[in-house]
């Protein structure tokens with residue numbers, strides 16, 4: 001019995017040490033990326049600031065880019081979880097979509113310098129275990145939008161011949177482009193951002209009612 005207790009304490013101590021190292025790495029990477037910028041920060045600097053060896057850093061993130069995703073992944077997963085909890089069948093489709101996207105705008109506005117760096121790197125580079133986790137979170141958000149679309153179609157409050165996934169991806173693309181546009185400005189006003197995004201979503205939802213010659 002005593003040996004089992006000792007083994008359990010040893011496992012607990014190792015796990016606490018791992019979590020402590022991970023937190024120091026994330027904190028150091030965040031501080032350096034914000035103060036020096038992503039491009040001018042080295043992985044060795046992050047390891048030194050965290051008080052760990054370079055090899056320890058690579059246990060948690062395969063590259064410097066992966067470290068960037070490591071910083072934001074927990075928060076973005078929380079954003080998606082809160083978005084799912086926000087959805088309410090008593091709200092309109094428009095209100096639900098705009099509400100869940102607002103949660104993400106609010107998150108990215110907290111540290112715009114880091115957000116710009118993360119979104120820039122995510123756009124072209126999707127390899128590494130943390131980057132893959134980042135992409136899975138994006139897919140869950142797109143899937144949540146698709147779920148709302150599917151429910152609205154089933155309730156016959158909207159109609160489209162297009163696949164649900166295509167509609168969700170179109171909304172997601174509008175969100176991604178508008179988020180980057182907004183983050184590039186100096187005045188990160190959430191209400192103004194929602195008004196701008198909401199107008200674009202309204203254009204999509206209402207459609208353009210094209211005559212045949214417009215599509216020729």
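Summary table below
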| quantity | calculated |
| --- | --- |
| When the chain is reduced to its Cα atoms, the Kirkwood hydrodynamic radius in Å | 19.8 |
| Normalised contact order of the stretch 97-216, rounded percent, pairs of Cα under 8 Å and 6 or more residues apart | 32 |
| Least to most buried among 58, 33 (fewest other Cβ within 10 Å first) | 58, 33 |
| Of 49, 131, 85, the one that fluctuates the most in a GNM where the chain has Cα springs shorter than 10 Å | 85 |
| Percent of Cα pairs exceeding the 20 Å cut-off, where the set is the stretch 100-216 | 51 |
| Relative exposure of 57, 80, judged by other C-beta atoms within 10 Å (fewest first) | 80, 57 |
| Net lengthening on full extension, residue 90/residue 39 (0.36 nm per residue, minus Cα-Cα) | 13.7 nm |
| Cβ-based exposure ranking for 79, 87, in which fewest neighbours within 10 Å come first | 87, 79 |
| Added length on full extension, which subtracts the Cα-Cα distance from 0.36 nm per residue, residue 54 to residue 215 | 52.3 nm |
| The chain, relative contact order in percent, only Cα pairs under 8 angstrom and at least six apart counted | 18 |
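No lab work stands behind these numbers, since they all come straight from the coordinates. Just so you know, these numbers come straight off a predicted model, no measurement behind them. All Cβ positions, even for glycine, are placed from backbone atoms using ideal geometry, and neighbour counts span all protein chains on display.
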